[in-house]
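S.K.: The structure's right below; bear with me while I get my questions together.
The values are calculated or read from the model by the stated rules, or taken from the named source; none is laboratory data. Fair warning: this is a prediction, and the values are worked out from it, not measured in the lab. Glycine also receives a Cβ, built like all others from the backbone with ideal geometry; neighbour counts cover every protein chain displayed. Ligands, DNA and RNA are excluded from the accessible area calculation, which covers all protein heavy atoms including side chains. Shrake-Rupley method; radii C 1.70, N 1.55, O 1.52, S 1.80 Å.
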Amino acid sequence: MTFDYDLFVIGAGSGGVRASRIAAGFGAKVAVAEEFRVGGTCVIRGCVPKKLLVYASHFSEDFETAKGFGWTVGETSFDWAELIARKDAEIDRLNGLYIQTLTNAGVEIIDGRAVVTGPNEVSVGGRRITAKTILVAVGGWPQMPHVPGIEHAITSNEALHLEKQPKRIVIVGGGYIAVEFAGIFNGMGSDVIQLYRGEQIMRGFDDDLRHRLADEMVKKGIDLRTGLNVARIEKAADGVRLTLTDDSILEADAVMYATGRVPNTKGLGLEDAGVALDENGAVIVDGYGKTSVDSIYAVGDVTDRIQLTPVAIKEGHAFALTVFGGTPTSPEHDAVPSAVFSQPPIGTVGLSESDARAKYDAIEVFESDFRPMKHTLGGATERAYTKLIVDKASDKVVGAHMIGLDAAEIIQGIGIAVRAGLTKAQFDATVAVHPSSAEEFVLMRTPRAD
């Protein structure tokens, strides 16, 4: 049978773009359909614009820190509209680069929403297209709970495009998106209340990091309330009025929900084509990204394995190698380093302490709690914390965690060591870079007493 394309990709995000480019490099005829903008969640409405806002929000603290180093900072002001305009210009630039990358690779870009209509067929705007292989890379979408008045709430998508900065904002959720935006708005001078229905924020992360982040956020002025949720949202003349589960009332200019993301498979036609989905709508795949239909694959957040852009890129590349490069490749999902751009930031790789205790017969925990050098003159009370988790039997470092200045930058190098299975003795034998926060990872000698 003759097909229109060797590969048809649905979704031009990080995973889809990588898969398209690599497959085309192997000589495949490739098309990718995108209903919004090339670049996907990360580039257009996720990690990239969010990180730009994180940078912007740090300056209020930096101005204060500068005084301790002899700088006299004059009158300052912040213009939200100017920041958003400059952020939008940068996203436009990156969108153009992604389009150029695909075009230069010989990939055809089709504007529009693609729907799977068969094992080797999709429909885009009424146009029937056939392909030998279909790759689903549509990512995820913010999940909104069934709360009366939820239509008056925003998500991180809309938060990146607000015309005016909310002077009072309530953020609902306890994950990384919630804490990142709480830090962003707080740093820009908004009054921030964060609500989380659980006992402590950042579920799934190491407990020491969770508690320390919560403490630092409160010290910075964020009103963090756990064990509490929104029962009802009402539109008010100057914003929103929230009734909480303890019957208390909050009024704010905006309420933002960051209560998780779900695979963006609704209305995609996958089930009708025979593709198996789990109870959350995620595409079920094997170790090579193949679905229950031999000609259909999936990568990235739509599979709900690890929702990280670099993981989606790895999966997209592995897919192309497997299907078009003649090199079956299964992407690794162990010891994946990640960062949370909270304030202070978190860097983590490997197992949390609780997970390590469940997996190994005996572990040792090494930790260091210190005040970063920048703060000694700058005057901030913010502390940093590093932690290594070691399997006692093999001496391998199975988890490394940090909260504090530069944690995101530092954890990348530590991630290589943990991924390589290095031992605590090898960490100890490494010469420290002094003076730095990173050196703490090779200076911790005495295990914590259990």
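S.K.: Roll a 1.4 Å probe over the protein heavy atoms and report the accessible area of T2 in Å², nearest 10.
M.R.: The accessible area comes out at roughly 120 Å².
S.K.: Continuing with the same structure: Normalising by the residue count of the stretch 1-114, find the relative contact order in percent from Cα pairs under 8 Å and 6+ residues apart.
M.R.: Values: 128 pairs, mean separation 44.2, N = 114.
With pairs under 8 Å counted, the relative contact order is 39 percent.
S.K.: Measure nothing but the geometry: give the 0 to 90° angle between the long axis through the Cα atoms of 176-187 and the longest principal axis through the Cα atoms of the chain, rounded to 10°.
M.R.: It is inclined by approximately 50 degrees.
S.K.: Is there a quick way to get the dipole size of the stretch 2-128? I mean about its Cα centre, with the Cβ of Lys and Arg at +1 and of Asp and Glu at -1; what is the value in debye to the nearest 20? Before the final figure, lay out each step's value.
M.R.: Details: 14 positive and 16 negative charges, 84 e Å.
Dipole of the stretch 2-128, to the nearest 20 debye: 400 debye.
S.K.: Follow-up question, since we're still on this one. Normalising by the residue count of the stretch 278-395, find the relative contact order in percent from Cα pairs under 8 Å and 6+ residues apart.
M.R.: 15 percent
S.K.: A follow-up question, please. What accessible area per residue, rounded to a whole number of Å², is obtained for the stretch 287-337 using a probe radius of 1.4 Å? Could you put the intermediate results ahead of the total?
M.R.: Working: 2150 Å² over 51 residues.
Per-residue accessible area for the stretch 287-337 comes out at 42 Å².
S.K.: Which of D253, D191, D62 ends up with the largest GNM mean-square fluctuation for the chain, with Cα atoms connected below 10 Å?
M.R.: So, out of D253, D191, D62, the one fluctuating most is D62.
S.K.: No solvent, one uniform scatterer per C-alpha: report log10 I(q)/I(0) for the stretch 324-441 via the Debye equation at q = 0.17, 0.18, 0.19 1/Å, two decimals.
M.R.: Each listed q maps to, in turn, -0.84, -0.92, -1.00.
S.K.: Hey, another quick one. In square angstrom, what is the accessible area per residue of the stretch 398-450 with a 1.4 angstrom probe? The partial results should precede the final answer.
M.R.: Numbers: 2670 Å² over 53 residues.
Accessible area per residue: 50 Å².
S.K.: Hey, another quick one. Which percent of Cα-Cα pairs in the chain sits in each 10 Å bin, short to long?
M.R.: For the chain, the pair-distance distribution reads 4, 19, 26, 26, 19, 6, 1, 0.
S.K.: With only alpha-carbon atoms in the gyration tensor, what are the semi-axes of the equivalent ellipsoid for the stretch 154-264, in Å, largest first? Show your work: numbers first, answer last.
M.R.: Details: eigenvalues 89, 49, 43 Å².
The equivalent ellipsoid of the stretch 154-264 has semi-axes of 21, 16, 15 Å.
S.K.: P(r) tail for the stretch 372-450, what percent of Cα pairs lie past 21 Å? Intermediate results must be reported in sequence, preceding the final value.
M.R.: Working: 877 of 3081 pairs.
Of all Cα-Cα distances in the stretch 372-450, 28 percent exceed 21 Å.
S.K.: Expressed as an acute angle from 0 to 90° and rounded to the nearest 10, what is the orientation of the C-alpha long axis of helix 407-419 relative to the principal long axis of the chain?
M.R.: Roughly 60 degrees, rounded to the nearest 10.
S.K.: Sort L209, L321, L377 by accessible area with a 1.4 Å probe, largest first.
M.R.: Details: L209 0, L321 45, L377 105 Å².
Most to least solvent-accessible, the answer reads L377, L321, L209.
S.K.: Mind pulling the per residue volume of the convex hull built on the Cα atoms of the stretch 229-285? Å³ is fine.
M.R.: Numbers: hull volume 6.9 nm³, N = 57.
Spread over its residues, the Cα hull of the stretch 229-285 gives 121 Å³ apiece.
S.K.: Measure nothing fancy, just the Cα-based angle from helix 47-67's long axis to the longest principal axis of the chain, in degrees from 0 to 90, nearest 10.
M.R.: Once rounded, one gets 20 degrees.
S.K.: Taking a threshold of 26 Å on the Cα-Cα distance, which of the pairs K219/K374; K290/K396; K29/K314; K87/K164; K50/K396; K29/K290 fall above it?
M.R.: Working: K219/K374 18 Å; K290/K396 33 Å; K29/K314 21 Å; K87/K164 14 Å; K50/K396 35 Å; K29/K290 20 Å.
Exceeds cut-off: K290/K396; K50/K396.
S.K.: Next question, about the same structure. Taking only protein heavy atoms and a 1.4 Å probe, what accessible area per residue, in Å², does the stretch 1-118 have with all protein chains in place?
M.R.: Solvent-accessible surface per residue comes out at 50 Å².
S.K.: In whole percent, and with a 1.4 Å probe on the protein chains, what portion of the accessible area of the chain is carbon and sulfur? If you can, show how the numbers build up before the last one.
M.R.: Working: 10570 of 20920 Å².
Ligands and nucleic acids excluded, carbon and sulfur reach 51 percent.
S.K.: Indicate, rounded to the nearest 5 percent, the antiparallel portion of the DSSP beta bridges found entirely in the chain.
M.R.: On the way: 46 of 76 bridges.
If we restrict to bridges inside the chain, about 60 percent are antiparallel.
S.K.: Ordering F341, F78 by accessible area with a probe of 1.4 Å, largest first, what comes out? All intermediate terms of the calculation are to be shown ahead of the outcome.
M.R.: Numbers: F341 50, F78 90 Å².
Output order, biggest surface exposure first: F78, F341.
S.K.: Distance between Cα centroids, the stretch 393-449 to the stretch 152-177: provide it in whole Å.
M.R.: 35 Å
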